[in-house]
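Read the structure below first, then the notes.
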Amino acid sequence: MKHVLESVESQFEMFQILNEDGKIVNKDDMPDLSDEELKELMRRMVYTRILDQRSIALNRQGRLGFYAPTAGQEASQLGSQFALEKEDFILPGYRDVPQLIWQGLPLYQAFLFSRGHFHGNQMPEGVNALSPQIIIGAQYVQTAGVALGIKKRGRKAVAVTYTGDGGTSQGDFYEGINFAGAYKAPALFFVQNNYFAISVPVEKQTNAKTLAQKAVAAGIEGIQVDGMDVLAVYAVTKHSRDRAINGEGPTLIETLTYRYGPHTMAGDDPTRYRTEDLDNEWEKKDPLVRFRTFLEEKGIWSEEEENKVIEEAKDEIKQAIKKADEYPKQKVTDFIENMFEELPNNLQEQMEEYKEKESK
């Protein structure tokens with residue numbers, strides 16, 4: 001059966017539109033985006049890179065709580081979100097806060113989420129999303145359910161989720177894609193393969209040559225895409241979304257990407273499991289540099305425009321963290337109230353106890 005496996009694996013070749021030098025290598029699949037849309041995509045990528053830098057600094061200052069760096073994964077995250085519609089439903093992992101922000105989550109709430117404040121998990125009216133999932137892979141099962149609900153209601157929308165390469169080792173990963181495949185539910189399952197999960201190399205996670213090929217066992221379409229190429233990610237997402245809303249079922253999308261920072265700011269040290277040479281190799285594939293080169297050669301982007309975005313981002317981040325600082329601090333009674341519509345007796349007793357403590 002070895003030749004059968006090799007035959008399957010050989011079909012999963014990386015899809016790309018822009019190479020590392022910002023040159024178009026696949027004209028036939030170039031997405032139909034206007035110059036203004038291309039500039040908006042670049043603006044979001046620059047803004048998100050600045051947000052990542054400021055979030056790391058705020059975390060080190062003790063002004064943010066949990067934070068998972070995103071630098072390097074902007075093309076994978078924002079290229080996919082840019083292809084979505086407002087009615088689509090996002091079920092993110094903990095590194096996927098940027099997609100929520102560009103889908104409509106106010107920035108100050110994203111900061112509150114990082115601090116563990118319950119208001120950071122309350123999606124505004126019209127923002128179809130769940131708060132970031134901390135349990136590895138659990139969002140895949142949830143996405144299958146949301147997608148089936150979308151199908152049963154006859155809506156022209158999709159449910160979209162993200163996990164990393166490590167997430168594909170979880171049982172929830174296969175359960176989710178298998179369930180969605182069985183019901184032809186309109187779901188897009190992203191695997192952002194940054195090669196190291198928390199610290200384990202992808203080749204030790206699985207013996208499969210690609211993660212995209214795992215779609216075969218579930219009977220759904222799978223594709224591997226250059227996750228540092230924002231146009232390729234956008235094109236694949238749009239194609240997969242169109243298939244889903246036309247009743248053709250879910251897609252598993254593996255984006256080959258890289259996180260330049262640690263897994264999270266909770267003590268991870270990537271120098272213990274990644275080499276400097278590997279880091280330097282991926283620096284040359286930076287999604288912002290690649291896309292910037294492409295836009296500059298088209299004559300629609302400049303250093304002046306980028307600096308303007310950087311200053312706007314810094315100002316908006318400053319205002320958002322100020323608003324988060326001023327937001328009412330959560331209390332123990334808030335947690336108790338949010339747990340049940342009608343409190344059981346034991347929690348009612350605790351509620352009275354903490355109300356008395358908080359009134360002093």
Set Arg274, Arg292, Arg259: member being closer than 26 Å to Thr161 by Cα and among the basic types (Lys, Arg): Arg259
How about segment 1-91: which helices (runs of 4 or more DSSP H) wholly inside it have at least 1 residues that are touching a residue at least 24 places away in the same chain (Cβ under 8 Å), of a type in the set (Ser, Thr, Tyr) and touching a helix residue (DSSP H, G or I) at 6+ places or on another chain (Cβ under 9 Å)? 35-60, 74-82
Being without any contact (Cβ under 8 Å) to a residue 12 or more places away in the chain and surrounded by fewer than 15 Cβ atoms within 10 Å (Cβ to Cβ), is that true of even one residue in segment 279-288? yes
Tyr108 out of contact with any Ser or Thr (no Cβ under 8 Å at 6 or more places or on another chain), of a type outside the set (Lys, Arg), in contact (Cβ under 8 Å) with a residue 60 or more places away in the chain and part of a helix (DSSP H, G or I): yes
Name the residue, out of Thr293, Thr257, Thr271, that is assigned by TED's automatic domain parsing to the domain that holds Gly227 and surrounded by fewer than 11 Cβ atoms within 10 Å (Cβ to Cβ). Thr271
Please verify whether Lys298 is basic (Lys, Arg), at pLDDT 95 or above and more than 29 Å from Gly166 (Cβ to Cβ), treating the condition exactly as stated. yes
First in segment 180-195 and not assigned by TED's automatic domain parsing to the domain that holds Lys156, second anywhere and crowded, with 24+ Cβ neighbours inside 10 Å and among the small types (Gly, Ala, Ser), Cβ under 9 Å, 6 or more apart: none
Test result for Gly137, touching a residue at least 24 places away in the same chain (Cβ under 8 Å) and on the phi > 0 side of the Ramachandran plot: yes
Right, Glu353: of a type in the set (D, E, K, R) and either in the same structural domain as Gly62 (by TED's automatic domain parsing) or free of Cβ contacts under 8 Å to residues at least 24 places away in the same chain (or both) or not? yes
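Being assigned to a helix (DSSP H, G or I) and in contact (Cβ under 8 Å) with a residue 60 or more places away in the chain is the requirement here; does Ala266 meet it?
Criteria not met by Ala266.
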Selection over segment 324-358 where residues are surrounded by fewer than 15 Cβ atoms within 10 Å (Cβ to Cβ), of a type in the set (D, E, K, R) and within 15 Å of His119 (Cβ to Cβ) yields a count of 5
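Of all the residues that make up segment 111-126, how many are part of a helix (DSSP H, G or I) and touching a residue at least 40 places away in the same chain (Cβ under 8 Å)?
Residues meeting the conditions: 5.
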How many of the residues making up segment 127-157 are more than 20 Å from Val202 (Cβ to Cβ) and assigned to a helix (DSSP H, G or I)? 13
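Select from segment 306-323 the residues that are surrounded by 13 or more Cβ atoms within 10 Å (Cβ to Cβ) and charged (D, E, K, R) and write down the one among them that is nearest to Leu112 (Cα to Cα).
Per the stated criteria, the residue is Lys323.
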Looking at segment 279-333, which of its residues are basic (Lys, Arg), in a loop (DSSP other than H, G, I, E, B) and more than 26 Å from the chain's Cα centre (by Cα)? Lys329, Lys331
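The values are calculated or read from the model by the stated rules, or taken from the named source; none is laboratory data. Just so it is clear, the model here is predicted, and its values are computed rather than measured. Reconstructed Cβ throughout: ideal geometry from the backbone, glycine too, with neighbour counts over all protein chains shown.
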